[in-house]
Amino acid sequence: MEELRGRINAPFSLEDKQTIARLYPEITGRPFRKTACKRCYQDAVIEMAVKLRKEQKMREKCDYHMRAGFIIRCGDFDEGQIYTNANLTNDVAKRYLERFPQKRVMFDRIPEETAEIPAETEEKPSEVSVQPQGETPVKAPAKRSKKK
C-alpha cells in the first residue's frame, strides 16, 4: 500500500491496478468499480490510505452478509447499536442469529457452521381459542372460499 501511495502521480501498471482492485474491498468493505475516469485507481489508493490512517487497521473480514436494505437495530441487542454490512463482524452476526434465529432471512451469506443451527419456526396461531379454566374450548370457524 505504501509503495502504491508513493507512486500516486505516476501511471499504474496492470499488476498495480489488479492489486488496488483486490485490496479496495478488503479495506473499505465496498466493491471496486472502475469508471471512465482516468484517476479512479489513484482515487481508490487515496481513499484506502485515508481509511487506514483513520481506523489504524484493516477492516475485519466478515463471513456474514446481510441482504440489500437490511440493518440490525434492536433495543434488546447490544444496547440498540446499529449494524450494517459496513460494520458487521462475525461475532456480532453470530450472537444476533443465536438470539434471533428467525432473522436468518435477513442474510444472504451465512457460514456453514452457523447455517447448520436450525432456525426456530414461528408458531402459527392456534385454531382453538383460549377459554377460562373449566370451560370447553371452542374451535374457530372455518374460512369459506368464495365461488365465482
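Where a number appears in this text, it was derived from the coordinates with a stated rule and is not lab data. Treat the numbers as computed from the prediction; the structure is a model and nothing was measured. Backbone-built Cβ (ideal geometry, glycine too); neighbour counts: all protein chains shown.
Details
- Net length available on complete extension from Lys54 to Glu26 is 8.5 nm, with 0.36 nm assigned per residue and the Cα-Cα distance removed.
- In units of the rule-of-thumb radius 2.2 N^0.38 Å, region 2-55 shows an alpha carbon radius of gyration of 1.03.
- Distance (nanometres) between label positions extended 7 Å along Cα→Cβ at Asn9 and Glu98: 5.3 nm
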